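Take a look at the structure below.
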Amino acid sequence: MRSDDRPEILLIRQTRPDVAERLGQRFRLHRLDAAPDRDAALAEIGPRIRGLAVGAMTPIDGALFDRLPNLEIVSSFGVGYDTIDVGEAARRGICVTHTPDVLSDEVADLALGLLLATVRRILQADRYLRAGQWRQASFPLTTSLRERRAGILGLGRIGRAIATRLEAFGVHVAYHGRRPQDDVPYAYHDSLIGLAAASDILIVAAPGGPDTRGIVDAAVLAALGPEGIVINIARGSLIDEAALTAALKAGTILGAGLDVFANEPHVPEDLAALDNTVLLPHVGSGSHYTRAAMGRLLTDNLFAWFDGQAPLTPVPETPARGGR
Ligand code: NAP
């Protein structure tokens, strides 16, 4: 029988059953989402918790850390960690890990799917056929990916995977980030507005958070121009959603393919009513294959930490000194 001195881990929100199962084999696992009274559960077990396992997009802040005075590590499901207060974690010496790389190809595949669906109006054509309209007339011609120039905002792991796919489609690629990268053949723009002016597809792949909030604004959309297509697989917070909706309505840009929104799962009705958009419910990494890989990496980070090793994929902002 296992002894009771196994490290105690708190699962904030169920991600996948195999994650809970794997954690339960190694740790004393507590489930906050299953607790009838969250406050009472935190008061009772909080001081014993040494590790947190958290689902994507779960807010983790100083108020929660106050309830967990012996917390060492937060292992998060997903690569984006804009809902985790990493500054506060760092101040308290708490390590935060995430699940980069294992999802990049999946998200890049979806970005290309969104792009093709938006440019060639694939979903609209499907609806047209199902409504029996094909019997009356052919589907109207669409715009094209031919001779288009794509600008990637955030040429990181996912942005690069998108870029290689765009190259295979014969689409010219340029990018903007905070600094140029030496090892890529793509043109660098030191301003987002400059990238938008030189592109007719803008693909958003930079992290969310205060530094990037609303950076795709009315001026950037105007620079993209009337043939412009916006694809967002990053975070809804990067785009001024009201400005995007206004531009789509006015036809000052052509269309948008969005996997992420400012206030998920709520999507503004006037955005959802537009015919020149393809809207997805944040499914970028949402395949069985990739979510399983993310779950394994979430648990492997906790296993490494409590084996006294360095975590596999810590975020750069917090200490990663290896478990105690
Ligand atoms: P990453 O490797 O860290 O790449 C992010 C890129 O953004 C870097 O190239 C970085 O370049 C650039 N960047 C960072 N801050 C910037 C700023 N203030 N202005 C302009 N560029 C900036 O991250 P990743 O693994 O590719 O993931 C990117 C994002 O995709 C995640 O943060 C997550 O939010 C999102 N995501 C969404 C889904 C989905 O389901 N839709 C799935 C996974 C990830 P510099 O350092 O040179 O600026």
Any residue at all in the range 104-118 that's crowded, with 19+ Cβ neighbours inside 10 Å, more than 16 Å from the ligand (Cβ to nearest atom) and not in a loop (DSSP other than H, G, I, E, B)? no
Index of the failed condition, SER76 passing every other in (1) crowded, with 19+ Cβ neighbours inside 10 Å; (2) touching a Phe, Trp or Tyr at 6+ places or on another chain (Cβ under 8 Å); (3) within 28 Å of ALA161 (Cβ to Cβ); (4) of a type in the set (Gly, Ala, Ser): (2)
Let me confirm something: among SER144, SER237, SER199, SER138, which residue is of a type outside the set (A, V, I, L, M), within 11 Å of the ligand (Cβ to nearest atom) and assigned by TED's automatic domain parsing to the domain that holds LEU123? SER237
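Collect the residues in the range 2-19 that are of a type outside the set (D, E, K, R) and either in a strand (DSSP E or B) or at pLDDT below 95 (or both), keeping them in residue-number order.
Residues satisfying the conditions are SER3, ILE9, LEU10, LEU11, ILE12, GLN14, THR15, PRO17.
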Restricting to the range 215-252, what's the tally of residues that are more than 19 Å from HIS282 (Cβ to Cβ) and either of a type in the set (Gly, Ala, Ser) or touching a Pro at 6+ places or on another chain (Cβ under 9 Å) (or both)? 13
In the range 277-313, which residue that is over 19 Å from the mean Cα position of the chain (by Cα) and free of Cβ contacts under 8 Å to residues at least 40 places away in the same chain is surrounded by the most Cβ atoms within 10 Å (Cβ to Cβ)? ALA304
Which of (1) touching a helix residue (DSSP H, G or I) at 6+ places or on another chain (Cβ under 9 Å); (2) closer than 28 Å to GLY236 by Cβ; (3) touching a residue at least 40 places away in the same chain (Cβ under 8 Å) does ASP85 not meet, given it meets every other one? (3)
From the list ASP211, ASP259, ASP270, ASP275, which one is within 16 Å of the ligand (Cβ to nearest atom), outside the structural domain of LEU29 (by TED's automatic domain parsing) and farther than 20 Å from ASP101 by Cα? ASP211
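With the structure loaded, tell me whether ALA90 is among the hydrophobic types (A, V, I, L, M, F, W, C), closer than 28 Å to HIS282 by Cβ, away from the ligand (no atom under 16 Å from the Cβ) and surrounded by fewer than 19 Cβ atoms within 10 Å (Cβ to Cβ) or whether it fails that test. Spell out how you get there, then give the answer.
Working: among the hydrophobic types (A, V, I, L, M, F, W, C): yes; closer than 28 Å to HIS282 by Cβ: yes; away from the ligand (no atom under 16 Å from the Cβ): yes; surrounded by fewer than 19 Cβ atoms within 10 Å (Cβ to Cβ): yes.
It is true that ALA90 is among the hydrophobic types (A, V, I, L, M, F, W, C), closer than 28 Å to HIS282 by Cβ, away from the ligand (no atom under 16 Å from the Cβ) and surrounded by fewer than 19 Cβ atoms within 10 Å (Cβ to Cβ).
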Regarding the range 157-177, can at least one residue be identified that is more than 15 Å from the ligand (Cβ to nearest atom), closer than 16 Å to ILE203 by Cα, part of a strand (DSSP E or B) and of a type outside the set (Ser, Thr, Tyr)? yes
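The values are calculated or read from the model by the stated rules, or taken from the named source; none is laboratory data. Everything numeric here is computed off the predicted structure, so don't read it as measured data. Don't worry about glycine lacking a Cβ; one is built from the backbone with ideal geometry, like all the others, and counts go over all protein chains shown.
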